[in-house]
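S.K.: Handing you this structure, nothing more for now.
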Amino acid sequence: MNLVTTTHPQPMRARRAFALAEVLVTVALLAIMFVTLYLGMSSSFAVTRLSRENLRATQIMLERVEGIRLYNWNQLCYSNMLATNFTTYYYPFATNDQSKGIAYQGTMVVAPANLNPTASYANDMRAITVSVFWTNSNGGDTQIVRRRSMTTYAARNGVQNYVYNN
């Protein structure tokens, strides 16, 4: 005996459609992907901007420290030739003087060297500390003060006299 069962096939249009739950899951996944992509890109731009600012601050400090080489001992210790406070502006895309960019304020302090343990030549050395401060916005109304500092030493007769004579 041959039994034939008949099934009623679904129409072609109904078989190709997605269920509402599938569409909602897909939209949610796409939304999460786009938000993640946006956040990743915006944070990478912020990190790049902060790295540029830090690099510029380091360049400013290094420029000041390298300038110390031009001073003799009397100019370094006993004169007012060194600028103790300074301001430098930086905006890499400026084409005119209207927008100077970020203002880097700096200080330079020349003080007796605090050597530990103390050395016989400590009175003939000076510690020069250059500090740079700048303010940047964090995308909103928040202002963040950033700071960097660098310290170097200068000797009355140069390093070689202390290395080879003491």
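S.K.: Collect the residues in the range 89-145 that are outside any strand (DSSP E or B), surrounded by 10 or more Cβ atoms within 10 Å (Cβ to Cβ), out of contact with any Ser or Thr (no Cβ under 9 Å at 6 or more places or on another chain) and modelled with pLDDT under 80, keeping them in residue-number order.
M.R.: Within the range 89-145, A94, S99, K100, G101, N138 qualify.
S.K.: Of all residues in the range 102-121, which are under 30 Å from Y91 (Cα atoms) and among the small types (G, A, S)?
M.R.: A103, G106
The values are calculated or read from the model by the stated rules, or taken from the named source; none is laboratory data. Because the structure is predicted, anything quoted here is derived from the model rather than measured. Heads up, the Cβs are rebuilt from the backbone with ideal geometry, glycines too, and the neighbour counts pull from every protein chain shown.
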